[in-house]
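J.: Please find one structure pasted underneath; my questions will follow.
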Amino acid sequence: FAADLGPAQNYPHASLFAWVVGSRPVAGTHIEITLLSKQGGEGAPDASFVDRLEDFAWIGSWWSPRDDNLSDKYASLGVRTRLAAVELLAEAALTDVDRALPRHSLLESAAYRAGIAVPALGRAGRHALRVEGVTAGPHMYRHEVFRTGAAVDGYPQGSDVGPDGRAILLAYAYAAPATGWGTDASLALEERSADAWSRSPIEADALVLLEDRAEELRARLAATVTREFLEARMGARVTLGGERIRNFAFQTGAHRWSWTARVGLWRAF
């Protein structure tokens, strides 16, 4: 697919090109590869059509030195599989890949996600558990030329934790279709960073910390209760949640609480 990212980019109306390939090699397993290239826009570096096509396809530029100014590229490989009653998922996303700089490519400019879920626990299969974690390197989503990064109108398009961030999610759900009741609860712990980094002028495969700011720490708990009526054609949903934030907006000592309450009704026709 292709998209115009609008005027809010540092190069207004930069273009986003991506292609996705999915496969189910065996029953219960899904593999997906995504290649994405953000390039162009008003005032962006010039390039020929052939150069842009090669950059988009990542042919020849994936494992060899290249001009990083042409585009901001990402590649991800995701695997989801089911083993008996357990579901496993893993995903790796890379940017600025260079075979001559393995540490920078695989750690500092990469993000990883992994999780395990048991969707039907108990004799009746009414309970479900899920654990998921994500981590991103300090150079992920940061590009020296396309400085807007993986964001549109200020909203991140990659991991919500952003560069140099980490998170873990614990979730539980219960469903009793015969009675129409259901509930789910989740606990999320997140660490986000706004530290400033730069490539080392001495060692190419390393970063130098320019500014050490306070990490923003978030602990969020939410619970939802659902009740269905009329043979599941109508229902009500109540959600309550709270979040404790330390060093809000990366400001030392700026601690606060946030709360949410939501009530909803739905009807199927």
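The values are calculated or read from the model by the stated rules, or taken from the named source; none is laboratory data. No experiment lies behind these values; they were computed from the predicted model shown. Note that we place each Cβ from the backbone using ideal geometry, even for glycine, and neighbour counts take in every protein chain shown.
J.: Name every residue in the stretch 1-32 that is farther than 17 Å from A93 by Cβ and of a type in the set (A, V, I, L, M), in order of residue number.
T.: Result: A2, A3, L5, A8, A14, V26, A27.
J.: Let me ask another. S193 versus (1) surrounded by fewer than 16 Cβ atoms within 10 Å (Cβ to Cβ); (2) over 22 Å from G125 (Cα atoms); (3) at pLDDT below 95: which is the lone unmet condition?
T.: So the condition that S193 fails would be (1).
J.: What pairs come out if I take residues in the stretch 7-34 that are within 15 Å of G78 (Cα to Cα) and pair them with residues that are surrounded by 14 or more Cβ atoms within 10 Å (Cβ to Cβ) and basic (K, R) whose C-beta lies under 7 Å away, six or more apart or interchain?
T.: Cβ pairs passing all conditions: G28/R82; H30/R80.
J.: Here is a further query. Any residue in the stretch 225-237 that's surrounded by 11 or more Cβ atoms within 10 Å (Cβ to Cβ): show its pairings with residues that are assigned to a loop (DSSP other than H, G, I, E, B) at Cβ separation under 6 Å, as long as the two are six or more apart or on different chains.
T.: What qualifies is R227/G180; E228/G180; R233/A268.
J.: Can you tell me how many residues within the stretch 1-49 are modelled with pLDDT of 80 or more and exposed (fewer than 13 other Cβ atoms within 10 Å of the Cβ)?
T.: 16
J.: Continuing with this model, one more query. Filtering the stretch 75-103 down to residues that are β-branched (V, I, T) and touching a residue at least 40 places away in the same chain (Cβ under 8 Å), which residue is surrounded by the fewest Cβ atoms within 10 Å (Cβ to Cβ)?
T.: Filtering the stretch 75-103 for residues β-branched (V, I, T) gives 79, 81, 86, 95, 97.
Checking the rest, the ones that are also touching a residue at least 40 places away in the same chain (Cβ under 8 Å) come to 79, 81, 95.
Working: V79: 14, T81: 16, T95: 25.
Filtering first and then ranking leaves V79.
J.: Quick check: is even one residue across the stretch 200-221 in a strand (DSSP E or B), over 14 Å from L189 (Cα atoms) and at pLDDT 95 or above? Working first, answer last.
T.: Within the stretch 200-221, the first condition is being in a strand (DSSP E or B), and the residues that meet it are 207-211, 216-221.
Checking which are over 14 Å from L189 (Cα atoms) leaves us with 207-211.
Retained after the next criterion (residues that are at pLDDT 95 or above): none.
Checking the stretch 200-221: not a single residue is in a strand (DSSP E or B), over 14 Å from L189 (Cα atoms) and at pLDDT 95 or above.
J.: Can you give me the number of residues within the stretch 129-149 that are over 13 Å from L94 (Cβ atoms) and surrounded by 18 or more Cβ atoms within 10 Å (Cβ to Cβ)? Talk me through it step by step, then tell me what you get.
T.: From the stretch 129-149, those over 13 Å from L94 (Cβ atoms) are 129-135, 138, 142-149; that's our starting set.
Restricting the remaining residues to those that are surrounded by 18 or more Cβ atoms within 10 Å (Cβ to Cβ) gives 130, 134-135, 138, 142-143, 146, 148-149.
Counting residues in the stretch 129-149 that are over 13 Å from L94 (Cβ atoms) and surrounded by 18 or more Cβ atoms within 10 Å (Cβ to Cβ) gives 9.
J.: Using beta carbons and a limit of 7 Å, which pairs, at least six apart or on different chains, have the first residue in the stretch 104-122 and touching a residue at least 40 places away in the same chain (Cβ under 8 Å) and under 21 Å from S198 (Cα atoms) and the second one among the aliphatic types (A, V, I, L, M) and not in a strand (DSSP E or B)?
T.: A111/M140
J.: Can you tell me which residues in the stretch 211-251 are small (G, A, S) and over 15 Å from G165 (Cα atoms)?
T.: Applying the first criterion (small (G, A, S)) to the stretch 211-251 yields 214, 219, 222-223, 232, 235-236, 241-242, 249.
Across the stretch 211-251, the qualifying residues are A222, A223, A232, G235, A236, G241, G242.
J.: Now, a different point. Can D72 be described as surrounded by 15 or more Cβ atoms within 10 Å (Cβ to Cβ), assigned to a loop (DSSP other than H, G, I, E, B) and acidic (D, E)?
T.: Values: surrounded by 15 or more Cβ atoms within 10 Å (Cβ to Cβ): yes; assigned to a loop (DSSP other than H, G, I, E, B): no; acidic (D, E): yes.
Answer is no for this residue.
J.: Looking at (1) in contact with a Lys or Arg (Cβ under 9 Å, 6 or more places away or on another chain); (2) under 18 Å from M140 (Cβ atoms); (3) at pLDDT 85 or above, find the lone condition where L89 falls short.
T.: Result: L89 fails condition (2) only.
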